[in-house]
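The values are calculated or read from the model by the stated rules, or taken from the named source; none is laboratory data. Keep in mind that what you see is a predicted model, and the values were worked out from it rather than measured. When we count neighbours, we look across all protein chains shown, and the Cβ atoms used for this are built from the backbone with ideal geometry, even at glycine.
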């Protein structure tokens with residue numbers, strides 16, 4: 001996929017950062033809930049979603065009967081095992097190919113997600129899955145991207161409070177650098193697409209793979225992989241104007257040195273309104289960082305590196321992680337590579353009294369069969385963590401795992 005073309009940029013001038021490197025202690029209890037076969041799905045590489053009954057929902061970009069990916073459900077059984085069901089098996093035709101991200105629910109229990117490619121124009125689509133009385137699900141395509149002004153290669157989507165959908169496209173748009181879109185439901189069941197912003201590839205950034213998030217005031221936040229003032233991506237906000245347009249502001253342009261390089265996929269706010277995210281490259285050691293952005297007086301945002309990955313036992317490449325907080329203010333995510341065996345890990349970052357952060361490695365992947373963790377991890381009501389791995393694509397095709405504290 002295009003968004004897997006990472007920027008691994010070696011940091012330049014070394015400087016002291018507010019980071020505490022953690023060693024790998026005895027790991028938390030780990031359990032594989034499901035090993036995917038290629039016919040069930042492959043490259044299971046995103047964060048998942050729980051429903052109220054405790055079932056997990058996710059996507060795979062490849063695999064399935066046509067090799068175009070699936071939307072799946074994992075349901076817990078009384079004996080501790082889990083049963084996998086395929087909700088939709090993509091054909092690569094009009095229904096799309098390579099579904100993206102954690103499916104999201106509406107109030108009626110319908111699921112929504114995007115297909116990165118395929119569909120009528122080859123540019124991907126936004127789709128809805130509706131449950132049927134017999135346990136099957138029906139796919140309805142809400143919008144097909146043309147690859148022209150509306151862009152192509154849609155990334156995972158979010159709802160606002162009014163039921164509108166928002167997301168980013170990695171490619172296309174006026175300047176070919178991707179953009180931000182909104183889908184609004186019409187009374188007849190169709191959806192209307194509007195482009196909120198198209199990236200120019202200049203200082204405003206280019207080629208987002210980000211999942212957007214809202215703040216309390218209704219502004220959107222995300223990242224781009226490339227472009228920006230230094231060519232290494234940006235963190236941006238989009239604020240709605242009274243006339244219906246949206247204004248973009250660059251909160252941080254990655255310089256490619258100690259601050260990181262290559263804006264990733266997921267941002268998260270803490271309770272104080274600070275933003276956190278990960279990068280694919282840069283940092284003191286050149287293997288990516290977890291960063292914090294604090295809104296200062298005058299509208300300026302200041303970046304602090306919470307953790308710079310060494311590429312060793314602490315991991316490498318956190319550009320694909322979607323970070324999440326627990327109630328104690330600890331931060332959790334995945335490193336796509338590095339770790340003891342080079343296949344990635346799940347980490348926890350704990351704030352220290354000195355203002356820095358300490359990393360704890362919760363699980364190191366050994367490619368037996370898990371490898372290539374990505375997306376993020378989510379909590380259940382009992383405090384257990386759940387995530388996915390992509391597999392190696394030849395012998396292993398992805399897993400869903402659980403980590404128990």
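When you check residue 131 against the structure, is it crowded, with 16+ Cβ neighbours inside 10 Å and either touching a strand residue (DSSP E or B) at 6+ places or on another chain (Cβ under 7 Å) or modelled with pLDDT under 95 (or both), yes or no? Judged against the criteria, residue 131 is not a match.
A single entry from 305, 364, 346 fulfils the requirement of being within 29 Å of residue 99 (Cβ to Cβ), in contact with a strand residue (DSSP E or B) (Cβ under 6 Å, 6 or more places away or on another chain) and surrounded by fewer than 24 Cβ atoms within 10 Å (Cβ to Cβ): 364. Is it the case that region 113-122 has a residue that's over 25 Å from residue 161 (Cβ atoms), surrounded by fewer than 23 Cβ atoms within 10 Å (Cβ to Cβ), more than 20 Å from the chain's Cα centre (by Cα) and modelled with pLDDT under 95? No, that holds for no residue. For residue 108, the conditions (1) in contact with a strand residue (DSSP E or B) (Cβ under 7 Å, 6 or more places away or on another chain); (2) more than 25 Å from residue 281 (Cα to Cα); (3) at pLDDT 95 or above are fulfilled apart from (1).
Scanning region 243-254 for any residue that is at pLDDT 95 or above, in contact with a strand residue (DSSP E or B) (Cβ under 8 Å, 6 or more places away or on another chain), surrounded by 24 or more Cβ atoms within 10 Å (Cβ to Cβ) and closer than 18 Å to residue 288 by Cβ turns up at least one such residue. Scan region 364-374 and give yes if some residue there is in a strand (DSSP E or B), at pLDDT 95 or above and over 24 Å from residue 73 (Cα atoms), otherwise no. Within region 364-374 (the criterion being in a strand (DSSP E or B), at pLDDT 95 or above and over 24 Å from residue 73 (Cα atoms)), the answer is yes, since at least one residue qualifies. Once region 152-176 is narrowed to residues that are under 13 Å from residue 206 (Cα atoms) and over 19 Å from the mean Cα position of the chain (by Cα), the residue that is surrounded by the fewest Cβ atoms within 10 Å (Cβ to Cβ) is 174.
When the criteria are applied in full, residue 139 fails the requirement of being surrounded by fewer than 24 Cβ atoms within 10 Å (Cβ to Cβ), part of a strand (DSSP E or B) and free of Cβ contacts under 8 Å to residues at least 40 places away in the same chain.
The residues of region 142-172 that are part of a strand (DSSP E or B) and touching a residue at least 60 places away in the same chain (Cβ under 8 Å), listed by number, are 153, 170, 171.
Where the second residue is outside any loop (DSSP other than H, G, I, E, B) and crowded, with 24+ Cβ neighbours inside 10 Å and the first is at pLDDT below 95 and lies in region 301-317, which pairs have Cβ atoms under 7 Å and are six or more apart or on separate chains? Between residues of region 301-317 that are at pLDDT below 95 and residues that are outside any loop (DSSP other than H, G, I, E, B) and crowded, with 24+ Cβ neighbours inside 10 Å, there is no close pair. Across region 101-134, the number of residues qualifying as without any contact (Cβ under 8 Å) to a residue 24 or more places away in the chain and in a strand (DSSP E or B) comes to 3.
Selection within region 380-405: residues that are touching a strand residue (DSSP E or B) at 6+ places or on another chain (Cβ under 6 Å) and within 17 Å of residue 325 (Cβ to Cβ). The member of this set that is surrounded by the fewest Cβ atoms within 10 Å (Cβ to Cβ) is 384. Those strands (runs of 3 or more DSSP E) of region 229-347 in which 1 or more residues are more than 21 Å from residue 373 (Cα to Cα) occupy 234-240, 246-253, 275-281, 289-295, 301-308. Looking only at region 349-358, decide whether some residue is within 19 Å of the chain's Cα centre (by Cα), at negative phi and either at pLDDT 95 or above or surrounded by fewer than 16 Cβ atoms within 10 Å (Cβ to Cβ) (or both). Yes, region 349-358 contains a residue that is within 19 Å of the chain's Cα centre (by Cα), at negative phi and either at pLDDT 95 or above or surrounded by fewer than 16 Cβ atoms within 10 Å (Cβ to Cβ) (or both). Out of 172, 153, one residue alone is modelled with pLDDT of 95 or more and in contact with a helix residue (DSSP H, G or I) (Cβ under 8 Å, 6 or more places away or on another chain). It is 153.
Could you check residue 264 against (1) more than 23 Å from residue 403 (Cα to Cα); (2) surrounded by fewer than 24 Cβ atoms within 10 Å (Cβ to Cβ) and say which number it fails? Just one mismatch for residue 264, condition (2).
In region 189-209, is there at least one residue being in a strand (DSSP E or B), free of Cβ contacts under 8 Å to residues at least 24 places away in the same chain, over 16 Å from the mean Cα position of the chain (by Cα) and under 19 Å from residue 300 (Cβ atoms)? No, that holds for no residue.
A quick yes/no check of all residues on (1) over 24 Å from the mean Cα position of the chain (by Cα); (2) at pLDDT 75 or above; (3) closer than 30 Å to residue 356 by Cβ:
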{"position": "6", "(1), (2), (3)": "no, no, yes"}
{"position": "9", "(1), (2), (3)": "no, no, yes"}
{"position": "21", "(1), (2), (3)": "yes, no, yes"}
{"position": "73", "(1), (2), (3)": "no, yes, no"}
